[in-house]
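The values are calculated or read from the model by the stated rules, or taken from the named source; none is laboratory data. Just so it is clear, the model here is predicted, and its values are computed rather than measured. Backbone-built Cβ (ideal geometry, glycine too); neighbour counts: all protein chains shown. What goes into the accessible areas is simple: the full protein's heavy atoms, side chains included, and nothing from ligands, DNA or RNA. Shrake-Rupley method; radii C 1.70, N 1.55, O 1.52, S 1.80 Å.
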Amino acid sequence: MKYNYIIIGLLSVGLLIGCKSKKKIADSSTKKNNKVVIVTKKSESVTTKPKTKTSFKYSTEAYIKKYKDIAMEEMRTYKIPASITLAQGILESRSGNSELTQKSNNHFGIKCHKGWNGAKVFHDDDKNDECFRVYKNPDNSFKDHSKFLVSRSRYHKLFKLKKGDYVKWAKGLSEAGYATDRRYPAKLIALIEKYNLHKYDEIVLGKKRKISKNDKVENYEVVKGDTLYSISKRFGLTVEKLKELNNLETNEISIGQILSLKD
């Protein structure tokens, strides 16, 4: 009888242990399942398609390729050299990478001014929180740039220049107050000549542009890859003459340096 009680007792303990073990497993399984649900939700939020980043870099060459056609179209309509439009776009928007351009499709830094009834964005420029125009797409920015120049009397004399004369256009924009940077004309001209943007003027005009002696560039901004020798060859000068014009004692030049090309 004692043995029977012992066996029964052992069986009862075994059953109790077995039940407790099963309960623990069930609890563990529930926690695990709950945990899986949480992870799944997190995974869903992580794998959700992210917003398009605005830091995507356009190279200048890609920028030119993308917008050369609209620049030429605007030249045919409004007589503004395509080379000037492209150079301004590259400079003002940093080849499409500037914060203002990324936020508002504003490629030319055109501020709201009186009469603008479209969307607006506020951005620090010469002053804090200045009002700039917002466009639905880049093409609208290019078109508004043309209308902006045509509709303001201070730019009227530019439209009387010889077609495709990007040198005088660059100087005229500066004189009319388009930008406050005194080096603005030299920067535009440097971009046009580095990337051969004047070829798009030639396409529109259907002929090669003739350069007169009066069209000689007076200043040049040094860009990556330039040497005194390459600059002297481009503008028909000697290295010694360039050094003399700029009071240089050595052949060393730096990116962004402005060199005088005329006495």
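Test of understanding: what is the full-extension gain from K136 to R154, defined as 0.36 nm times their sequence separation minus their Cα-Cα distance?
On the way: separation 18, 0.36 × 18 = 6.48 nm, distance 2.75 nm.
Taking 0.36 nm per residue and subtracting the Cα distance, the gain is 3.7 nm.
Going by average Cβ density within 10 Å per residue, which order do the peptides 133-143, 160-170, 79-89 take, highest to lowest? The partial results should precede the final answer.
Working: 133-143: 17.6, 160-170: 19.2, 79-89: 26.9.
Highest to lowest by the protection proxy: 79-89, 160-170, 133-143.
Quick one: of K127/K233; K168/K243; K136/K233; K157/K194; K114/K168, which pairs are farther than 32 Å apart, Cα to Cα? Write out the running numbers ahead of the final one.
Working: K127/K233 41 Å; K168/K243 26 Å; K136/K233 44 Å; K157/K194 27 Å; K114/K168 28 Å.
The pairs that break the limit, which is 32 Å between Cα atoms, are K127/K233; K136/K233.
Tell me, what is the per residue accessible area of the range 122-193 in Å², probe radius 1.4 Å?
Numbers: 3810 Å² over 72 residues.
Ligands and nucleic acids excluded, the figure is 53 Å² per residue.
Work out how much length D69 to E244 would gain on full extension: take 0.36 nm times their residue separation and subtract the Cα-Cα distance, in nm to one decimal.
Numbers: separation 175, 0.36 × 175 = 63.00 nm, distance 4.15 nm.
Additional length available on full extension: 58.9 nm.
Would you mind telling me the share, in percent, of accessible area of the range 110-209 contributed by carbon and sulfur at probe 1.4 angstrom? All intermediate terms of the calculation are to be shown ahead of the outcome.
Details: 2660 of 5670 Å².
Within the range 110-209, the accessible surface is 47 percent carbon and sulfur.
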